[in-house]
Amino acid sequence: MAEHFLDCIGEACPVPLIKAKQELAGMHSGDVLTINVDHTCAIKNIPDYMSGLGYPAELKETGEGEWDIVVKKT
């Protein structure tokens, strides 16, 4: 299992989702992707998209107005 990280602070949707999709394409089953975001649209769009793919996504607030979205590629 490898861990991947995307820093999407300051990037508005759909940029974080596009970057997450690109990163996932190169990942293996069991790998974990953490996406750091500060745009509230991303905290809904990314987990919804991942859920549609069957990938569990967990949202963690890391600071005021910042979140980590942790996705496990299954």
*Answer yes or no: is there a residue in segment 46-63 that is over 15 Å from Thr74 (Cβ atoms), among the small types (Gly, Ala, Ser) and within 11 Å of the chain's Cα centre (by Cα).*
no
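Name every residue in segment 21-38 that is aliphatic (A, V, I, L, M) and under 12 Å from Val70 (Cβ atoms), in order of residue number.
The initial filter retains those residues of segment 21-38 that are aliphatic (A, V, I, L, M), namely 24-25, 27, 32-33, 35, 37.
The answer is Val32, Leu33, Ile35, Val37.
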*Where residues in segment 21-30 are small (Gly, Ala, Ser) and not in a helix (DSSP H, G or I), which of them is farthest from Thr74 (Cα to Cα)?*
Gly26
*asked:* Against the conditions (1) more than 18 Å from Glu64 (Cβ to Cβ); (2) in contact with a strand residue (DSSP E or B) (Cβ under 7 Å, 6 or more places away or on another chain); (3) in a helix (DSSP H, G or I); (4) among the hydrophobic types (A, V, I, L, M, F, W, C), where does Ile18 fall short? Just the number, please.
replied: (2)
*Quick one: how many residues across segment 14-28 are within 9 Å of His39 (Cβ to Cβ) and buried (at least 17 other Cβ atoms within 10 Å of the Cβ)?*
1
_Pairs where the first residue, in segment 43-64, is without any contact (Cβ under 8 Å) to a residue 24 or more places away in the chain and aliphatic (A, V, I, L, M) and the second is exposed (fewer than 13 other Cβ atoms within 10 Å of the Cβ) and assigned to a helix (DSSP H, G or I), C-beta under 8 Å, 6+ apart_ = Ala57/Ser51
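Can you tell me which residues in segment 27-45 are more than 10 Å from the chain's Cα centre (by Cα) and over 13 Å from Phe5 (Cα atoms)?
Taking segment 27-45 and keeping what is more than 10 Å from the chain's Cα centre (by Cα), we get 27-31, 38-41, 44.
His28, Ser29, Gly30, Asp38, His39, Thr40, Cys41, Lys44 - these are the residues of segment 27-45 that are more than 10 Å from the chain's Cα centre (by Cα) and over 13 Å from Phe5 (Cα atoms).
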*Do we have Leu6 as within 13 Å of Lys73 (Cα to Cα) and either in a strand (DSSP E or B) or small (Gly, Ala, Ser) (or both) here?*
no
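A short reminder: the numbers here are calculations on the coordinates, not readings from a lab. As the structure is a prediction and not an experimental result, all values here were calculated from the model. All Cβ positions, glycine included, derive from the backbone under ideal geometry; neighbour counts span all protein chains shown.
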